[in-house]
Amino acid sequence: MNYSTVQQIMNSPDTNQAVKYIKKLWYAKEEGYLSLSNNYHFYKNEVMHLRAYAPDNWKLNIGDRSFSISKQIDNHGICKVTIFANGDISYTIH
């Protein structure tokens, strides 16, 4: 098996692409360009649209105060990158 270090996973081009995507979503929300509907059917369609544009094999999750994106890493666990309402980014590999 070929294992990667946490640093290699965090600095991989694939992870960097995912971080750029959630940063764009965060900036759009902070600047007021992205607002999600209160109507469930519209909200569901908006979320499905955002998930469709997420990088390949990454799963987008939208919380009340954060965006996160996660992916199963080969020979490892799940890599999850979260950006919070204040702009802090958290990397979790479990």
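The values are calculated or read from the model by the stated rules, or taken from the named source; none is laboratory data. These numbers were taken from a predicted model, which means no experiment stands behind them. Positions of Cβ are backbone-derived with ideal geometry, glycine not excepted, and every protein chain shown enters the neighbour counts. We work out accessible area using only protein heavy atoms, side chains counted, and drop any ligands, DNA or RNA first. Shrake-Rupley method; radii C 1.70, N 1.55, O 1.52, S 1.80 Å.
Placing 10, 48 in order of accessible area, with the largest value first and a 1.4 Å probe, yields 48, 10.
Averaged per residue, the chain has 70 square angstrom of accessible surface, using a 1.4 angstrom probe with ligands and nucleic acids left out.
Charges were assigned to the Cβ only: +1 to each Lys and Arg, -1 to each Asp and Glu. The resulting dipole of the chain about its Cα centre is roughly 100 debye.
Ranked by solvent-accessible area (1.4 Å probe, protein heavy atoms only, all chains present), the residues 51, 65 order from largest to smallest as 65, 51. Residue 35 contributes about 90 Å² of solvent-accessible surface, heavy atoms of the protein only, 1.4 Å probe.
Note on the chain: helix-only mean residue ellipticity at 222 nm, from DSSP H runs of 4+ residues weighted -39500 (n - 2.57) and normalised by residue number, equals -12500 deg cm²/dmol.
The solvent-accessible area of residue 25, taken with every protein chain present and a 1.4 Å probe, is close to 10 Å². Convex hull volume of the Cα atoms of region 49-94, normalised per residue: 67 Å³. Across the accessible surface of the chain, with the other protein chains kept in place and a 1.4 Å probe, carbon and sulfur atoms take up 49 percent.
Computed from the Cα positions only, the extents of the chain along the three principal axes stand at 47, 25, 19 Å, in decreasing order.
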